[in-house]
Amino acid sequence: MNINRLYILTSLVTLAVALLFTSCEKKRISYTDMIKRENKEVSEFMSKNSMRVVEDFPEGLITPENVFVKVLEGVYIRVINPGNNTKPISGKTRVSARFLVKSISDRRKFEADIISPQSGGTHPLRFIYRENREHLTPDPQASENEATNNRFLCGAMLQSLKYLGDGAVIQMITTFREGPSFAAEEGIPMYFERLQYQFIK
């Protein structure tokens, strides 16, 4: 009797472990499939919001409503205000960014608002501008509270700043490949509904 119980218990445990590994395998997705899924999500988001993509900036950089310029594979920006003639200097310009950002994917919904009047008491994201978007450098002079926003620093921000001056305001769509690292882990594209840059003197 005890041997039968042990056999049944062992069989049930083995079956449970097998089911667990099978369900984990089904949740895994290849990098290529992540890109395909994300491209579909971005296309659907743009279509739903009557957005279109162009290859070049208009004269003066200011982009019409719902028109985004593809500045890099997976990074699209709409310039609301190009800022002044002061351009960022790689490795030297300290930047303060405020934004309203939302995930595009239905798989994981989130929103962060550090720009609107309702976001009182929030702190900006501060970083050092670098031409090489792979070298994300938070501002070492940022306060502890400001440093909590470091998780939003991404290559897409550095890429967009190549075209802009101090005080620029844009909208930006970024795929997970150029977005913040926490979004990259799950392949989540993001929409910066408003993103404002100020250079710190």
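Laboratory data are not the source of any read-out in this text; all were calculated from the coordinates shown. All of these numbers come straight from a predicted model, not from anything done at the bench. When we count neighbours, we look across all protein chains shown, and the Cβ atoms used for this are built from the backbone with ideal geometry, even at glycine.
Looking at A147, A142, A168, which is the one that is over 14 Å from V75 (Cβ atoms) and touching a Gly at 6+ places or on another chain (Cβ under 6 Å)?
Selected residue: A168, the only one of A147, A142, A168 that is over 14 Å from V75 (Cβ atoms) and touching a Gly at 6+ places or on another chain (Cβ under 6 Å).
Can you name every residue in region 59-68 that is closer than 16 Å to V169 by Cα and part of a loop (DSSP other than H, G, I, E, B)?
Residues satisfying the conditions are G60, L61, I62, T63, P64, E65, N66.
Of everything in region 177-187, what is surrounded by 24 or more Cβ atoms within 10 Å (Cβ to Cβ) and either free of Cβ contacts under 8 Å to residues at least 12 places away in the same chain or under 15 Å from E73 (Cβ atoms) (or both)? Give them in sequence order.
E178, G179
Please work out if L61 is in contact (Cβ under 8 Å) with a residue 60 or more places away in the chain, within 21 Å of G165 (Cβ to Cβ) and surrounded by 12 or more Cβ atoms within 10 Å (Cβ to Cβ).
Against the criterion (in contact (Cβ under 8 Å) with a residue 60 or more places away in the chain, within 21 Å of G165 (Cβ to Cβ) and surrounded by 12 or more Cβ atoms within 10 Å (Cβ to Cβ)), L61 qualifies.
Identify all residues within region 156-166 that are in contact (Cβ under 8 Å) with a residue 60 or more places away in the chain and touching a Leu at 6+ places or on another chain (Cβ under 9 Å); write none if there are none.
Passing the criteria: A156, M157, Q159, S160, Y163, L164.
Please specify each residue of region 139-159 satisfying the condition of being within 16 Å of F182 (Cα to Cα) and either surrounded by 19 or more Cβ atoms within 10 Å (Cβ to Cβ) or of a type in the set (S, T, N, Q) (or both).
T148, N149, N150, F152, L153, C154, G155, A156, M157
Can you confirm whether region 120-138 contains a residue that is surrounded by 15 or more Cβ atoms within 10 Å (Cβ to Cβ), in contact with a helix residue (DSSP H, G or I) (Cβ under 7 Å, 6 or more places away or on another chain) and more than 19 Å from I200 (Cα to Cα)?
yes
Restricting region 96-113 to residues that are touching a Leu at 6+ places or on another chain (Cβ under 7 Å) and in contact (Cβ under 8 Å) with a residue 24 or more places away in the chain, which is surrounded by the fewest Cβ atoms within 10 Å (Cβ to Cβ)?
For region 96-113, the residue satisfying everything is A97.
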